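What follows is a single structure, written as structure tokens, with notes after it.
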Amino acid sequence: MKSRSLARRGILNGNPVAMVLVGLCPAAAVTTRVIDALWMSVGVFSVLLLTRVCLSLLSLLRDGESAGPSADLRGGEGAPRIRWLGALLIASCLTASFELVLLAFAPEESASLGIYAPLIAVNCIVLDRVEPAAGGKHIPTALLDACGLGLGFAFALLLIAAVREVLGAGTITLFPAGTFGGTIEIPGLSSAPARALGYAGGGLICLGYLAGLSRLLRRRPVPAAEEAGTA
Amino acid sequence: MAEPRPLAVSPAPHVVGLVSSLRLTWTVAGCLLPAAAWGVFLFRVPALEVLGVAAGSALLAELLTSIFTRRVTLGDGSAFVTGLLIGLLMPPGAPLYVPAAASAFAILVVKQTFGGLGRNWMNPTAAGVVFALISWTGGMSQWLPVPGSAEGSAAVAPLEALRAAYAAGARPAGPLAVLSTQGYAWSGLDGRVLGWVNDHLLSWTGMVLPRGTFDLLIGNTAGRIGELSVPLLLLGAAWLLGRSVIRWQVPVAFLSVFCAASIVFGGLPLGRGWFAGGLYFQLFSGSIVLGAFFLATDTVTSPLTDPGRLIYGASLGVLLFFLRYFGALGDGVPLAIVLGNCLVPLIDRLTVLRGRARHREAA
């Protein structure tokens, strides 16, 4: 696949949330405020990117060795299991680092994301990329793929969060900067918002519309294997 | 040789009858008119505004979606009935954006997103009202006093007033006694009618109907626009039943299971023990009659077979019992119906399959 289309796939036709329907848990849970969605996207994007790069590097490393104790890593009987273990360990370490960064620089946000920040380690989008990554040692490919998926996830999350926060709370919460307090109040809506959209049910309704609309708008049909694999 | 006719495959429900869906919906709308007229008579212009906005918003939403479906379905009347029912389930003092949004949600999200009339798996009316209840709890409890009620008397729907009184710790004999102590002013007509009934009809039984029973029955209390007058609602329901527009199974199972649960378990939450629950207060207040005959009987969202309808009605009764005695969201009827709708595919699966198996055995 061409590199440009590889990156684009994650954002459009292979969008993890809207098209492939993985990572729905955070997409419904942490999209009540735009700022939560933003941080969640940053977390998933960075963990995904770094995990893939690490795995590619690892596969280069083990190819360099001809024999020895790491025979399993190169495709012996226990290779897939070892691969999974390694990938999960890497993802967990990176997630823990993200959590610590969050705690250090945005403690309120860490409280707001709650369990969904540590759960990035087992996020379906991250796990989904472990197996292809284990075989792929081409680092630019890994980078582009991870970028596309991460941006696609961020795009979907921010879209859902914007709709839910505007309609469900009548506000848009961003960073406080200078005289700007961090929250935009929408006149008219903030006094009587449709609070139903702030609940999990409202999140799933928005998610459903996003998935439906992106299927309406997609340029070409999603390959059957891609849909079947994630149903 | 003539070609065999192609086999037509269409989504359920496969209702075959002499009446078109057009006549059906307009009959339902007509049967709602007496109760609607009573609500408008009591609350005047505000009630008329709420009804108008709810129906208008539903029609507008239906018109909007016809741009996408390229099929104008305004004429089948279902959008009008949905809007009218949403208006009837609103308190008369609701700010007008509440009925507008509830109707728009019902038509756009619950009905047309799934493909329009006949393809929606959830009752649009009930879902629209639940959406409004969750979103604008304050707006959905803007009650208005009935004309002729004393100055300063509480203008809260009976069920909501009772819930507030129980939450504040009141534990007297019956719901109507609680309301009386809460400053609920019953009409003079109520006193005269109940006095006559107690003296002449019930004196030999030793039963005494408490003040307010008659007001509650004829709907001379604060409440949602269309739920008030039980006799007028029953009149419309009787017409629908007589014309076979609705079947008896759902309302009968719904009401009887709810009544049985109320009598047996209704006293438990208040610490009065078994078989100590009230009946007529629960039956005459809130939108249970409106819901049982006009919402739960919706052909699209109720089961296909008669046993299925009985199961569906019974599960609605159980759900409503829990929502009303332990819930905090309105009077629970729309929510019970929305939850009941989720069970319908399961009920259909069980009952329709069983019917087919029996048929095979017989053959």
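A short reminder: the numbers here are calculations on the coordinates, not readings from a lab. Values in this document were obtained by computation on a predicted structure and should not be read as measured data. Heads up, the Cβs are rebuilt from the backbone with ideal geometry, glycines too, and the neighbour counts pull from every protein chain shown.
Please average, across the residues of B:133-144, the number of beta carbons from any other chain that are within 10 Å of each residue's own beta carbon, and give a whole number.
Working: counts 1, 8, 11, 5, 1, 1, 1, 0, 0, 0, 0, 0.
Whole-number average of other-chain Cβ neighbours for B:133-144 is 2.
Hey, what's the Cα Rg ratio for the range B:21-141 versus the globular rule of thumb, 2.2 N^0.38 Å?
Compactness ratio reported: 1.00.
Could you tell me how many degrees, from 0 to 90 and to the nearest 10, lie between the Cα long axis of helix B:333-362 and the main elongation axis, the longest principal axis, of the Cα atoms of chain B?
Around 50 degrees separate the two axes.
How big is the dipole moment of the range B:188-362 about its Cα centre under a simple scheme where the beta carbon of each Lys and Arg is +1, that of each Asp and Glu is -1, and everything else is neutral? Debye, nearest 20, please.
520
Show me the ranking of peptides B:346-352, A:161-167 by mean Cβ neighbours inside 10 Å, starting with the highest.
A:161-167, B:346-352
With a Förster radius of 30 Å, plug the Cβ-Cβ distance of A:CYS25 and A:SER5 into 1/(1 + (r/R0)^6) and report the FRET value to the nearest 0.05.
Efficiency for this residue pair is about 0.60.
Other chains' Cβ within 10 Å of A:199-206 residues: what's the mean?
What the average comes to for A:199-206 is 2.
For helix B:230-242, what angle does its Cα long axis make with the longest principal axis of chain B, in degrees from 0 to 90 and rounded to 10?
Helix B:230-242 sits roughly 30 degrees off the main axis of chain B.
Could you check the spin-label model distance between B:HIS200 and B:ARG349? Points 7 Å from the Cα along Cα→Cβ, value in nm.
Placing both labels 7 Å beyond Cα along the Cβ direction yields 5.8 nm.
From the phi angles alone, apply the Karplus equation (6.51, -1.76, 1.60; θ = phi - 60°) to the range B:249-258 and give each ³J(HN,Hα) in whole Hz, x where the residue is Gly or Pro.
Per residue, the Karplus-derived 3J(HN,Hα) values read 4, 5, x, 5, 5, 4, 5, 5, 5, 5 Hz.
Please compute the length gained on full extension between B:LEU33 and B:PHE322, using 0.36 nm multiplied by the number of residues separating them and subtracting their Cα-Cα distance.
Contour length minus Cα-Cα distance gives 101.0 nm.
Within the range B:222-254, what residues put their amide N at less than 20 Å from the label point 7 Å along the Cα-to-Cβ vector of B:LEU189?
Residues B:222-236 qualify, since their backbone N sits under 20 Å from the label point.
Can you tell me the alpha carbon radius of gyration of the protein assembly as shown divided by the globular rule-of-thumb value 2.2 N^0.38 Å?
1.19
Give the Debye-formula value of log10 I(q)/I(0) at each listed q (0.10 Å⁻¹), with one equal scatterer per alpha carbon of chain B, two decimals each.
Evaluating at q = 0.10 Å⁻¹ gives log10 I(q)/I(0) of -0.63.
About its Cα centre, what dipole magnitude does the range B:48-156 give when the only charges are +1 on Lys and Arg Cβ and -1 on Asp and Glu Cβ, stated in debye to the nearest 20? Could you put the intermediate results ahead of the total?
On the way: 4 positive and 4 negative charges, 93 e Å.
Result for the range B:48-156 is approximately 440 debye, rounded to the nearest 20.
Towards the positive end of the charge dipole of the range B:21-141, with charges on Cβ (+1 Lys, Arg; -1 Asp, Glu), say which of B:ALA29, B:ALA54, B:VAL72 has the farthest Cα.
With unit charges placed on the Cβ atoms, the residue in question is B:VAL72.
Using +1 at the C-beta of Lys and Arg and -1 at the C-beta of Asp and Glu, which of B:LEU316, B:LEU255, B:PRO345 has the Cα lying farthest in the positive direction of the dipole of the range B:230-363?
Selected residue: B:PRO345.
Using θ = phi - 60° and the Karplus relation 6.51 cos²θ - 1.76 cosθ + 1.60, list the HN-Hα couplings for the range A:204-210 in order, rounded to whole Hz, with x at every Gly or Pro.
Result, rounded to whole Hz: 5, 4, 4, 4, x, 5, 4.
Over 10 Å intervals from 0, what percent of Cα-Cα pairs in the range B:188-362 sits in each interval?
All Cα pairs considered, the percentages come to 10, 31, 33, 18, 6, 2, 0.
Relative to the longest principal axis of chain B, what angle (0 to 90°, nearest 10) does the C-alpha long axis of helix B:306-326 take?
Tilt of helix B:306-326: around 40 degrees.
What residue among B:TRP38, A:LEU213, A:VAL34 has its Cα farthest toward the positive end of the dipole of the protein assembly as shown, where the charges are +1 on Lys, Arg and -1 on Asp, Glu, each on the Cβ?
Towards the positive end, the residue furthest out is A:LEU213.
Calculated FRET efficiency, B:TRP121 and A:GLU185, Cβ-Cβ r, R0 30 Å, to nearest 0.05? Don't jump to the answer; show the numbers that get you there.
On the way: r = 37 Å, r/R0 = 1.22.
Working from the Cβ atoms, E equals 0.25.
Give me the number: length gained by fully extending A:LEU204 to A:LEU158, i.e. 0.36 nm times residue separation minus the C-alpha to C-alpha distance, one decimal in nm.
15.1 nm
From the phi of every residue in the range B:72-84, what ³J(HN,Hα) in whole Hz does the Karplus formula 6.51 cos²θ - 1.76 cosθ + 1.60 yield, where θ is phi - 60° and glycine or proline is x?
Values, residue by residue: 7, 10, 5, x, 6, x, 5, 5, 5, 5, 4, x, 4 Hz.
So what is the relative contact order for the range B:189-290, in percent, with contacts set as C-alpha pairs under 8 Å and at least six apart?
On the way: 99 pairs, mean separation 24.7, N = 102.
Reported as a whole number, the value is 24 percent.
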